[in-house]
Amino acid sequence: MYQNLFEQYRLNDSITLNNRFMMAPLTRCMADADLVPTDAMLAYYARRAEAGLIISEATIIRPDGQGYPNTPGLFTQAQIAGWRRVTDAVHEKGGKIFAQLWHTGRVAHPHFFNGEHVLAPSAVGVEGTVPRMRELSYQTPKAASKAEIAELVRDYAKAAENAIEAGFDGVEIHGANGYLIDQFLHYDSNRREDEYGQTPENMSRFALEVVDATIAAIGADRTALRLSPGAYFNMSADPRDRQVFDYLLAELGSRRLAYLHEGMFDDNMRFDFLDGRVSDYMRRHYQGNLVGVGGYSPETAAEAIAAGRFDLVAIGRPFIANPDYIAKVRSGERLQDYSDEMLATLD
Ligand code: FNR
Ligand code: 8K6
């Protein structure tokens, strides 16, 4: 069954995947107090090594990128060593794993890094409080200076180098879901009047600088990007955003990334300003490897891939509910349903 999902898939000259399933990046908030991966995390990822490619939970590039408790990092030697144990375990089982590189921007909270402020494109805050820590209200961020933007770009590239040192096969830059890079890409959060704001070209500049610095550090074959043009999470959509993504996707076409990944929870959602689904919009504007995600079952993923709508599928919640997801799908065994209570433990 689902023969196309179990075919090998050649991402590029450097990386071939055992099948077309990816494990989606899933924040679990279970790293230790120093944001180092634990033994339980090692076992959790190793159990899922049959995926063609695991994307790690979002991993912060530096302390002020943190917006949730106990999210792992890739900026200290202890964190690099901790991840090395995870990547070794996945490789021993024949799997591959990319690190998802994260800075939460205006969704960060100084509580986590004893800081004074959080950085974002503009001084426009989000309403509400940090999940699981309801006493922490979000703050109005400080608009990053040009020197601070340049430093952020360097820190993404440094984290990518650290990921390679930690044994990852590559990195997925988290440009989705309302976090720092995405904040530059939307009119809701980017009100800058310098060369990082106001026009599609300017608003794409930070994302492209991060991509180019990462490619320069570790190579395009090992660099991927996640984007969410639908602005469905931590963000308000503006019809003008479409022009920013039209421009950005065209620019990315010449970068030869390992893949481009949509950020979505439900890829059945239709967006008028994108003329339909996020995945279909991305397919029309980007010619490289495309990863679909958001509510897919093996059946619907196999159909979408057969129809050429995307090349690989990422599976999130079902992979939390079924550590042996791939084996179950292969044998036709019934999958356990996901429920939010499963987030309490790392099985
Ligand atoms: C997520 N998602 C997510 N996305 C991301 O880019 N980085 C992350 O760290 C996380 N963390 C995360 C945690 C939890 C608990 C959930 C449920 C989701 C989104 C995820 O990668 C995926 O896009 C969605 O879960 C949709 O796919 P499924 O679950 O329908 O297969
Ligand atoms: C609770 C701390 C962990 C936060 C991780 C960030 C990813 C959030 C995933 C939560 C899933 C529910 C969000 C649903 C939003 C969909 C909107 C259509």
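The values are calculated or read from the model by the stated rules, or taken from the named source; none is laboratory data. Everything numeric here is computed off the predicted structure, so don't read it as measured data. With ideal geometry, Cβ positions are generated from the backbone for all residues, glycine too; neighbour counts draw on all protein chains shown. Surface areas here come from the heavy atoms of the whole protein model, side chains and all, with no ligands, DNA or RNA. Shrake-Rupley method; radii C 1.70, N 1.55, O 1.52, S 1.80 Å.
Would you please name the residue that is least open to solvent (accessible area, probe 1.4 Å), looking only at residues in the range 19-60 that are among the β-branched types (V, I, T) and more than 16 Å from ligand 2 (Cβ to nearest atom)?
Applying the first criterion (among the β-branched types (V, I, T)) to the range 19-60 yields 27, 36, 38, 54-55, 59-60.
Checking the rest, the ones that are also more than 16 Å from ligand 2 (Cβ to nearest atom) come to 36, 38, 54.
Values: V36: 20, T38: 38, I54: 0 Å².
Going through the qualifying residues, I end up with I54.
Within the range 127-166, the set of residues being among the hydrophobic types (A, V, I, L, M, F, W, C), touching a residue at least 60 places away in the same chain (Cβ under 8 Å) and in contact with a helix residue (DSSP H, G or I) (Cβ under 6 Å, 6 or more places away or on another chain) comprises V153, A157, A160, A166.
Total residues in the range 71-124 satisfying the condition of being more than 30 Å from I15 (Cα to Cα), under 17 Å from the mean Cα position of the chain (by Cα) and without any contact (Cβ under 8 Å) to a residue 60 or more places away in the chain: the figure is 1.
Here the range 250-282 is the region considered, the condition is being over 24 Å from I97 (Cα atoms), more than 15 Å from ligand 2 (Cβ to nearest atom) and not hydrophobic (A, V, I, L, M, F, W, C), and the residue that is surrounded by the most Cβ atoms within 10 Å (Cβ to Cβ) is Y281.
Checked against (1) surrounded by 23 or more Cβ atoms within 10 Å (Cβ to Cβ); (2) assigned to a loop (DSSP other than H, G, I, E, B), Y187 meets all criteria but (1). When S279, S254, S331 are checked against the criterion of being on the phi < 0 side of the Ramachandran plot and either in contact with a Ser or Thr (Cβ under 6 Å, 6 or more places away or on another chain) or within 14 Å of ligand 1 (Cβ to nearest atom) (or both), S279 stands alone in meeting it.
Name the residue, out of A31, A51, that is within 19 Å of A321 (Cα to Cα) and touching a residue at least 40 places away in the same chain (Cβ under 8 Å). Walk me through how you get there before you give the answer.
Details: A31 fails: within 19 Å of A321 (Cα to Cα).
Unique residue meeting the criteria: A51.
Here is a list of conditions, (1) among the basic types (K, R); (2) assigned to a strand (DSSP E or B); (3) within 20 Å of the chain's Cα centre (by Cα), and K158 meets all of them except one; can you say which number that is? Answer for K158: the failing condition is (2).
The helices (runs of 4 or more DSSP H) found entirely in the range 255-347 that carry 1 or more residues being free of Cβ contacts under 8 Å to residues at least 12 places away in the same chain and under 26 Å from D241 (Cα atoms) are 278-285.
Give D212, D182 a once-over and let me know the one that is among the acidic types (D, E) and surrounded by 19 or more Cβ atoms within 10 Å (Cβ to Cβ).
Details: D212 fails: surrounded by 19 or more Cβ atoms within 10 Å (Cβ to Cβ).
Unique residue meeting the criteria: D182.
Looking only at the range 283-311, filter to residues that are of a type in the set (A, V, I, L, M, F, W, C) and open to solvent by less than 50 Å² (accessible area, probe 1.4 Å); which one of those is nearest to ligand 1 (Cβ to nearest atom)? Among residues in the range 283-311 that are of a type in the set (A, V, I, L, M, F, W, C) and open to solvent by less than 50 Å² (accessible area, probe 1.4 Å), the one nearest to ligand 1 (Cβ to nearest atom) is V293.
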